[in-house]
Amino acid sequence: MSCTSLLGPVLPIPARKSIRKTKPTPCHVSPRMSLQPLPPPPNPSLFTTITKLLWGQSLPPQLLISTVRSTWHATWQLMMSQLAPSDPSGRYTRPPSKFRANFKPTQFSRQKPGTLHLYVGLPCPWAHRTLIVRALKGLEDAVPVSIASPGIDGSWEFKDTGGRDGDRLVPGLDNANRRRTLREVYRSRRGGYDGRATVPMLWDVERKEVVCNESYDIIELFNSGLNGLSGNSDLDLSPPALKGRIDEWNRIIYPNVNNGVYRCGFAQSQEAYDTAVNELFNTLDMIDDHLGSSRYICGDTLTLADVCLFTTLVRFDLVYNVMFKCTKKKLQEYPNLHGYMRDIYQIPRVAATCNFGAIMDGYYKILFPLNPGSIRPIMPSGCEHEVLSGPHNRELLSSVDKSMRVYVS
């Protein structure tokens with residue numbers, strides 16, 4: 001899966017005609033002091049004055065309210081059709097990734113470092129998967145990264161943000177193609193491309209070609225297809241003995257949790273929302289119960305299934321609980337899920353991939369149809385680094401016999 005341009009294609013803006021600049025005439029103002037009281041504040045805006053004249057301190061007339069509401073609803077539906085395509089029942093339908101893996105698992109194992117380049121956006125949970133596996137496998141030098149940020153129109157763009165935030169990743173420039181937007185990178189491939197410009201995207205620097213923009217294909221490649229370039233080639237997040245269990249869990253986690261939160265937030269009918277939110281929390285309840293006797297999803301071993309679940313969980317109280325109406329419970333109310341999330345967060349190199357400020361900005365300030373005021377709420381205290389770094393005691397689940405395992409909080 002991947003994160004797309006948030007509000008669809010952007011129409012080109014006609015170039016302005018050049019205007020001859022004239023040298024400004026200097027203006028010299030002599031300062032002066034006064035003991036007189038300051039002038040009164042400016043009068044209220046014209047709009048406020050008119051509304052008070054029309055209906056005083058009462059609410060606007062019912063006709064005006066109903067007209068504005070109808071207009072806003074029609075506009076909302078138009079924007080949501082671009083942001084989140086739905087079926088006739090109002091259920092969000094995620095478009096498939098365009099560039100799927102069509103390469104052999106070991107095709108890039110003998111390539112020199114820098115042949116592949118990763119494009120990501122920090123708010124996107126699908127891109128976050130690739131950053132975590134890249135870090136755990138020690139591929140930072142072998143696969144350089146360019147980090148886009150969502151522009152005001154929702155498309156991914158590259159801009160200089162002034163460097164790093166400690167050890168955490170931050171948005172920056174396009175280090176591979178020196179393009180201004182991700183859409184321009186896609187268009188620069190051989191044959192061009194005018195479809196959805198999504199992250200994550202893996203780019204072949206030498207061939208100037210999109211290798212893949214499906215997140216799960218990319219993390220499988222990073223896990224086992226680049227061991228010749230990996231700094232941690234012994235780590236296997238999808239060992240053959242667990243492959244079947246990983247796939248089985250992903251068939252549960254992806255539709256109901258990873259995509260489930262989007263099905264809640266992007267639902268365009270009450271029925272679609274009710275179905276999605278019930279499936280989401282029924283699944284979270286089931287996983288929380290399972291994690292009461294298992295340190296990770298598939299036992300004592302961290303796998304790709306854990307990586308995929310983690311990137312949704314770490315955003316849950318930050319964004320999905322509030323903005324996507326996943327309000328039945330906070331993640332903190334799940335004793336095992338919350339401890340499990342903290343356990344993974346504390347694995348070396350994982351926390352550096354979590355930029356909570358960028359995540360919150362990417363949702364609250366950009367997804368205009370869901371948050372028209374673009375006001376970013378304060379970060380929940382349970383999501384602060386100091387809290388996530390606290391003891392979780394989940395290592396006890398790996399060190400005692402199954403019959404003695406306990407539920408931890």
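FYI, it's all coordinate maths here, none of it is from the lab. Remember, predicted model here, so these are calculated numbers, not experimental data. Backbone-built Cβ (ideal geometry, glycine too); neighbour counts: all protein chains shown.
Here are a few things to note about the model shown:
- Spatial separation of Cα centroids for region 186-261 and region 115-153, in angstrom: 11
- Computed E for GLU271/SER66 - FRET, C-beta separation, R0 25 angstrom, nearest 0.05: 0.55
- Taking a ≥ b ≥ c as the square roots of the Cα gyration tensor eigenvalues, region 188-292 comes out oblate, since a/c reaches at least 1.5 and a/b does not exceed b/c.
- Spacing of the two label points (7 Å from each Cα toward its C-beta) at MET286 and TYR193, in nm: 3.4
- Subtracting the Cα-Cα distance of GLN346 and ASP167 from their residue separation scaled by 0.36 nm leaves 63.1 nm.
- One chain, two ends: ILE378 and LYS208. Fully extended at 0.36 nm per residue, the span grows by 57.0 nm beyond their Cα-Cα distance.
- With neighbour counts taken as other beta-carbon atoms within 10 Å, the residues THR275, THR303 rank, fewest first, as THR275, THR303.
- Taking amide H as placed 1.01 Å from N in the peptide plane, the amide H of CYS212 sits under 5 Å from that of LEU202, each at least 5 places away or on another chain.
- Residue exposure sequence - LEU173, LEU122, LEU370 - by fewest surrounding Cβ within 10 Å: LEU173, LEU370, LEU122
- Region 328-337 - phi-based ³J(HN,Hα) in whole Hz, Karplus 6.51/-1.76/1.60, Gly and Pro as x: 4, 8, 8, 4, 4, 7, 9, x, 7, 4
- Given their separation in residues at 0.36 nm each and the Cα-Cα distance between them, ASN102 and ARG251 gain 51.5 nm when the chain is fully extended.
- Residue order, fewest to most beta carbons within 10 Å, for PHE222, PHE158: PHE158, PHE222
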